[in-house]
């Protein structure tokens, strides 16, 4: 993968993660409005970052082959 492809891949993963997190946040807000416990905690949101390889070290590894 060249650098442009790597950048496009990271952006696609980030956009997908953002959409996923927005859905999680919306579900939490719906539950709060109904007086229920939230469905997704901080750990669940962190898993989105981890599962999509969006943390610092993963991105550096992709670009630099560390």
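Rule-based calculations on the coordinates, nothing more; no lab input. Model, not experiment: these values are computed from the prediction. Here Cβ is always computed from backbone atoms with ideal geometry, including for glycine, and neighbour counts include all displayed protein chains.
In terms of surrounding Cβ atoms within a 10 Å radius of their Cβ, 63, 45 rank from fewest to most as 63, 45.
To the nearest Å, what is the center-to-center distance of the range 1-24 and the range 28-66, using C-alpha atoms only? Result: 13 Å between the Cα centres. Footprinting exposure proxy ranking of 64, 55, fewest other C-beta atoms within 10 angstrom first, gives 64, 55.
Report the label-to-label distance for residue 20 and residue 51 in nanometres (one decimal), using points 7 Å from each Cα along the Cα→Cβ vector. Going by the 7 Å Cα→Cβ label model, 0.4 nm. Taking Cα atoms only, the orientation of helix 3-33 departs from the longest principal axis of the chain by about 10 degrees.
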